[in-house]
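These notes are about the structure you will find just below.
Just so it is clear, none of the values below were taken in a lab; they were calculated from the coordinates. All of these numbers come straight from a predicted model, not from anything done at the bench. For neighbour counting, all protein chains shown are included, and Cβ atoms are generated from backbone atoms with ideal geometry for every residue, glycine included.
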């Protein structure tokens, strides 16, 4: 930044590159809406008030907000490359993302992190990374990599790195596990993200005392406010599967809670949903519809996140800040008419056409041969069954008798679920039961299975389930739907078995088609067929999950004896 040039332009001695005239400017510092011009030079805001510029655009009293900030996202969950994802986010006004690449890191380890940080250099969006703290997520599954504190420290001073990603191993924190503490100590001078489905008050105190600053796992107001009281910043999540915003924001509004410790995030959101409604723009709009003042909602979606993560020159329409701006026609509807990134209109920025990644990330499915009886579950008096909860990624542990289970299998309310290790052909696999998924017949399978990303399959017969594994290997990872031994739906995701290398225009219709096919096969329309399935293998979310090692009771933090 040429300070002399900035000073002279702010004084009016030199003409700014761009002036947005007659704007209603959202001032996130004071909570005011101020009328005036916005002057931009070299991608930086140099002043507001009255200015003439080399280029002038009359906004005719439209509103201008800072570019939105997605405070916690896994880009891999969009199932497209960072280049494609960034372009879709920016269309809706998000100009900064804070991403935890633990999905691809669990597949590709250090190679994957290297590739993601290279991508951060070439995308137009402000692309910040929280280094994944849990690779693997727990010792109760097999991932494609293991990352320790010393390996993570290699990337610590990278300008795109803000800190340590969500510490999902809360049990390891509370038990003072050495490998966990090594990571917490290594990043004690950085922001450390949390992942803490609510425990006891003392457990929350201990978790926060370990230096963990944020949490995005609150599913209700009571949980969120307890974490705020304990000193955490709460990232209010609204994604494709986890829809927590309404429950939290209703309580915040009703009780008049200060919102300065809140930010908005999506965590996991399908690209098709992003294209329809955006991410943080949607969160802001929904909060306004619930009764929150529009300016306060915009503060949550901008400056609050910047302060939480120590981002300077981002998150405000003010002197010295990046000219990342969203032009809005209607504040309540959050109608975005233009987006500026570094003073350039996003619609006029040429998209990146070349997308290339290390070939080691492009052969991601390798599992040991599956015997005909691989998914057979011995008969027992009772079973611990995974209960799907609509619009949530938490589950309910259901105990079913042998008779109840057989009745559920007969009426379609219960189906078999299995996980197969797919990184190193170890031969690990396990099977259990799931209630509420809704599949009539056949099998639905995916290599997207948080966070170790083994193969996860739901089916009503073992033959189709085994066939689904074979088909995932054939297409190089992704989604498949099998019926009577035939592939009736597929979505290849060759980058780590998690992401497509296609453009959004090519990818979204394919995604929509495979989701609709899953619904046509009987999957409940009250869940996302694949995102919901992907979380069934995550053994850090209550109450019960399944990994390649077995059915896991998260509350008891031990395997259950279904096998």
**Item:** Tilt relative to the chain, helix 280-289 - C-alpha long axis, 0 to 90 degrees, to 10
**Value:** 80
**Message:** Quick check: pseudo-label points 7 Å beyond the Cα along Cα→Cβ at residue 356 and residue 29, how many nm apart are they?
**Reply:** 4.5
**Fill in**
Projected convex hull area of region 362-559, Cα atoms, direction-averaged, in nm², equals 10.1
**Asked** Cα extents of region 295-379 along the three principal axes, largest first, in whole Å?
**Response** 65, 40, 29
**Prompt:** Where does helix 82-91 land angle-wise versus the long Cα axis of the chain, in degrees 0 to 90, nearest 10?
**Reply:** 50
**Request:** For region 3-61, state what percent of all Cα-Cα pairs lands in each successive 5 Å bin, counting from 0 Å until the bin that includes the largest distance.
**Result:** 4, 22, 29, 22, 15, 7, 0
**Pairwise centroid distance, computed over Cα atoms, of region 305-377 with region 492-552, Å** = 20
**Request:** Using only the alpha carbon atoms of the chain, find the Kirkwood hydrodynamic radius as the inverse mean reciprocal pair distance, in angstroms to one decimal.
**Result:** 24.2
**Request:** Counting other beta carbons within 10 Å of each Cβ, put 319, 469 in order, fewest first.
**Result:** 319, 469
**Asked** Roughly how many Å is it from the Cα centre of region 427-453 to that of region 88-124, as a whole number?
**Response** 27
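Take every Cα pair under 8 Å in the chain that's 6+ residues apart, average their separations, divide by the length, and report that relative contact order as a whole percent.
Worked out over the chain, it gives 15 percent.
Starting from the Cα gyration tensor of region 94-215, multiply each eigenvalue by 5, take the square root, and state the resulting semi-axes largest first in whole Å. Walk me through the numbers on the way to the answer.
Details: eigenvalues 115, 54, 31 Å².
Sorted largest first and rounded, they come to 24, 16, 13 Å.
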**Request:** Measure nothing but the geometry: give the 0 to 90° angle between the long axis through the Cα atoms of 245-255 and the longest principal axis through the Cα atoms of the chain, rounded to 10°.
**Result:** 60
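Restricting to the chain, what percent of DSSP beta bridges are antiparallel, rounded to 5?
Working: 65 of 96 bridges.
Close to 70 percent.
Quick one: of the DSSP bridges fully inside region 67-313, what percent are antiparallel, nearest 5? Don't skip to the answer; put the middle values down first.
Values: 1 of 23 bridges.
Of the beta bridges lying entirely in region 67-313, close to 5 percent run antiparallel.
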**Complete:** Most exposed first, judged by fewest Cβ atoms within 10 angstrom, 176, 265 run 176, 265
**Request:** Would you give the gap between the C-alpha center of region 51-71 and the C-alpha center of region 232-274, rounded to a whole Å?
**Result:** 26
**Asked** Relative to the present Cα-Cα distance, how much length would full extension add between residue 5 and residue 289 at 0.36 nm per residue of separation?
**Response** 97.9 nm
**Prompt:** Give me the log10 of I(q) over I(0) for region 67-313 at q = 0.14, 0.16, 0.17, 0.18 Å⁻¹, as the Debye formula computes it from C-alpha points; what are the numbers?
**Reply:** -0.88, -1.16, -1.31, -1.46
**Message:** As a footprinting exposure proxy, order 153, 202, 227 by other Cβ within 10 Å, with the fewest listed first.
**Reply:** 202, 153, 227
